[in-house]
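Note sheet for the following structure.
Read-outs: derived from the displayed coordinates by stated rules, not from any lab. None of these values were measured; they are calculated from a predicted model. Positions of Cβ are backbone-derived with ideal geometry, glycine not excepted, and every protein chain shown enters the neighbour counts.
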Amino acid sequence: MSMSDADEARHVDEEDHQFPAYGPIEASLGYLLFYILVDRVTPTVVTVFSDTVLDLSPSFVRFGLATALWFMLVVIVIDQARRQLAALGVVTYDDFQLRIWSRVTPSSLRTVGYLVALVAGTAIVVITFDRAVEALLTLIPVVATVDVVAFDLVELFVMVVFFVVYSIAAHSLDRLVIGGIRVLVSG
């Protein structure tokens, strides 16, 4: 593939160069969820990996989880800084996302869609959060010991639904807030 073919494949909308760029709220909510989940699963992970599977020291396992938290924070901050700088035209940022809903016109229809997704998604997330965390907690020993029979498929389904809906709700909130800021800034 030549360079011109690659440039044609990277179609960038005018909307992508507006400041602030989309993504910081979605990324923050994603990190918040990651932090909460690591906090909730740490005792189970420490028990499984220090007593059952690998006989690692509990402090080493906790250090590994803390390192994962810091690593994710650094990656998210760098990614969001690059997005914002690209929106200002300082650097380039290739954002390869599927953009179906963002092309819906008129924008009022898109806004209503994001609002409905946010409200419905938040309701589903609130209802499924505890079951999803419990499913994750029961999944850790199952994966560590490769005992697939011990896991409930319904709980796995609830956990997947939770993560998908959380992602949709966070994405919708990000689009609504950043879109609102853009409207206010543009006059």
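Mind checking the full-extension length gain between Phe151 and Asp51? Use 0.36 nm per residue of separation minus the Cα-Cα distance, one decimal, nm. It would help to have the intermediate numbers written out before the result.
Working: separation 100, 0.36 × 100 = 36.00 nm, distance 2.03 nm.
Using 0.36 nm per residue and subtracting the Cα-Cα distance, I get 34.0 nm.
How much length would be gained if the chain were fully extended between Phe163 and Phe63, taking 0.36 nm per residue of separation minus their Cα-Cα distance, in nm to one decimal? Intermediate results must be reported in sequence, preceding the final value.
Working: separation 100, 0.36 × 100 = 36.00 nm, distance 2.55 nm.
33.5 nm is the gain from fully extending Phe163 to Phe63.
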Check your understanding: What is the distance, in nm, between label points placed 7 Å from the Cα along the Cα-to-Cβ direction at Arg40 and at Ala123?
Key -> 2.1
Review point. Net charge near Thr47, counting Lys/Arg +1 and Asp/Glu -1 over other residues with Cβ under 14 Å of its Cβ?
Key: 0
